[in-house]
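Working notes for the structure below.
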Amino acid sequence: MRSRKPKIRMEWCYYFDGTKKKRLNVKNIEKEDYIVKYRGKLTCIEGCDARIKFTPKKNGKNFLSTWNKEGSKHKLNCPYHINYNNVVNRKKLIEEEKKVKPNDIQIQSSLKRKLKNLLLEFNEADIPKEKLSTSEINNIGVGKAINKIVDKDGVSDKEASQRITYMEAETINMAYNELWRGVIGNVDNVQTGLTDGVFWGYINLKNQYNRTNIYFPEAYYEGNEFKANNLEKTLNIIKESCNGRENNIIITCYGEIKHKKNTKNDYNINIINPMHILVNGMTMDEILNTGKIKEL
Ligand SMILES: [Zn+2]
């Protein structure tokens, strides 16, 4: 039985210009430039070896897709891996990812390390470095493929936190819906409020191609008024810090990506624990205690 293909469009890829890999959106590729400039030089935005091709359409809805026969060159946890091209396997990917989550301490140390690395290579594209042997996963089911990931897990904190895959907020799209990812972005503004007496808060990130918001669901404060209060205070400090600030405030966080219903391109990154987010490298507690966001 064939399942219907999920509506997952590839919108981003890496372009190797001879010296550096840069991220590139499908909207910024001109039909006339493709053959001369880009053909053979585009690879998966997840840092996989799979090459990407561009197909122009008369209606302007140009698209990116994996080169023929290179579908399995995507990494196992890449949402564009050929195995996840059907509904059943994609569901399995989502389920299996939930089972292999690192713990809070591992997440926080991964976020810290990520920021440190980002600052070191600030102007370079953020390319995941680890590689899986792609030959191993040819022609095996997604269940088996996932088991290989699970087998490797939980050996040490470092290994566990290295398992977190990072992406830039700008490159979030439907392919990542319901997946857990490390996300990097710059703060645009902070919104807080009360609905029916329940506090809510968002940190909206700067984006050109989509809308991504850091969202703090009730799980973050577990119905605890004191914790909810602290969250509100902390978000207000971040809000004030945005005013007239010249430099970007960088968020590194880890959470489930959720498409917002009835929107075309809005996504929440759900943060369910204070240890799953750093703001300019500061923890939520540090922000609350010092009352400000330090410069990086
Ligand atoms: Zn890939």
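The values are calculated or read from the model by the stated rules, or taken from the named source; none is laboratory data. These numbers come from a predicted model, not from an experiment. Quick reminder, even Gly has a Cβ in these numbers, built from the backbone with ideal geometry, and neighbours come from all protein chains shown.
For segment 74-89, filtering for residues that are among the aromatic types (Phe, Trp, Tyr) and modelled with pLDDT under 85 leaves 1.
Test of understanding: among ASN77, ASN25, ASN62, which residue is in contact with a Ser or Thr (Cβ under 7 Å, 6 or more places away or on another chain), in contact (Cβ under 8 Å) with a residue 60 or more places away in the chain and either on the phi > 0 side of the Ramachandran plot or surrounded by 13 or more Cβ atoms within 10 Å (Cβ to Cβ) (or both)?
So the residue among ASN77, ASN25, ASN62 that is in contact with a Ser or Thr (Cβ under 7 Å, 6 or more places away or on another chain), in contact (Cβ under 8 Å) with a residue 60 or more places away in the chain and either on the phi > 0 side of the Ramachandran plot or surrounded by 13 or more Cβ atoms within 10 Å (Cβ to Cβ) (or both) is ASN77.
Against the test of being out of contact with any helix residue (DSSP H, G or I) (no Cβ under 8 Å at 6 or more places or on another chain) and touching a residue at least 60 places away in the same chain (Cβ under 8 Å), the options ILE249, ILE257, ILE277, ILE214 yield a single qualifying residue, ILE214. Taken as a whole, the condition of being in contact with a Ser or Thr (Cβ under 6 Å, 6 or more places away or on another chain) and buried (at least 20 other Cβ atoms within 10 Å of the Cβ) does not apply to TYR254.
Note on segment 41-58: residues that are within 21 Å of ASN210 (Cα to Cα), part of a loop (DSSP other than H, G, I, E, B) and more than 9 Å from the ligand (Cβ to nearest atom) amount to 0. Screening TYR38 against (1) away from the ligand (no atom under 14 Å from the Cβ); (2) in contact (Cβ under 8 Å) with a residue 24 or more places away in the chain leaves a single unmet condition, (2). For segment 72-118, the candidate set comprises residues that are within 16 Å of the ligand (Cβ to nearest atom) and of a type in the set (D, E, K, R); within that set, the residue that is nearest to GLY182 (Cα to Cα) is GLU97.
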